[in-house]
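The values are calculated or read from the model by the stated rules, or taken from the named source; none is laboratory data. Because the structure is a prediction, the values reported are computed rather than measured. Counting neighbours? That spans all protein chains shown, and the Cβs are built from the backbone with ideal geometry, glycine included.
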Amino acid sequence: MVLASLAVFVASLLVGALGIYVGARVIVGASDYDHAIVTALIGAIVWAVVGFFVGWIPLLGPLLALLAYIAVINVRYPGGWTAAAMVGLIAWVTVLIVLYALAAVGITGFNAAGVPGL
């Protein structure tokens with residue numbers, strides 16, 4: 001059971017990292033997938049911690065968690081807050097497309113670690 005959970009986490013982290021990689025490649029020209037994996041892992045941890053502490057606050061909690069996630073991207077990639085928000089948006093859309101395709105053929109469910117809301 002633990003190995004299965006670990007495999008699902010790693011697979012979803014890699015899908016989340018793919019989204020960040022595509023976003024960073026398009027917006028800031030970054031081309032390091034390893035950097036995207038670490039960013040996705042840190043982003044997932046920060047999202048979970050902030051969500052745990054303030055996620056229960058209507059509207060404000062999820063917005064603070066999203067801001068924390070974008071802050072991780074801002075710290076890890078050049079370009080400032082606007083670029084970080086655009087990387088996050090492209091990551092979200094990319095992962096949405098990948099997960100939709102995988103779910104449509106019955107390979108996976110509809111979630112990924114490292115990208116909020118999916």
Residues located in segment 96-105, provided they are over 16 Å from A40 (Cβ atoms) and either in contact with a Lys or Arg (Cβ under 8 Å, 6 or more places away or on another chain) or outside any loop (DSSP other than H, G, I, E, B) (or both)
I97, Y100, A101, L102, A103, A104
Given the structure, is G23 part of a helix (DSSP H, G or I) and at pLDDT below 95?
no
Restricting to segment 96-112, count the residues that are surrounded by fewer than 16 Cβ atoms within 10 Å (Cβ to Cβ) and either touching a residue at least 24 places away in the same chain (Cβ under 8 Å) or in contact with a Phe, Trp or Tyr (Cβ under 8 Å, 6 or more places away or on another chain) (or both).
4
Quick one: W92 ticks every box in (1) over 10 Å from the mean Cα position of the chain (by Cα); (2) buried (at least 18 other Cβ atoms within 10 Å of the Cβ); (3) modelled with pLDDT under 95; (4) within 14 Å of P116 (Cβ to Cβ) bar one, so which box is it?
(1)
Long-range neighbours under 6 Å by Cβ, at least six apart or interchain, first residue surrounded by fewer than 21 Cβ atoms within 10 Å (Cβ to Cβ) within segment 6-20, second in a helix (DSSP H, G or I) and modelled with pLDDT of 90 or more
L13/A40
Could you count how many residues in segment 38-86 are surrounded by fewer than 14 Cβ atoms within 10 Å (Cβ to Cβ) and aromatic (F, W, Y)?
4
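Each row is one residue, and each column tells you yes or no for (1) part of a helix (DSSP H, G or I); (2) charged (D, E, K, R); (3) in contact (Cβ under 8 Å) with a residue 12 or more places away in the chain.
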position	(1), (2), (3)
A30	no, no, yes
A36	yes, no, yes
I57	no, no, no
L66	yes, no, yes
A83	yes, no, yes
T94	yes, no, yes
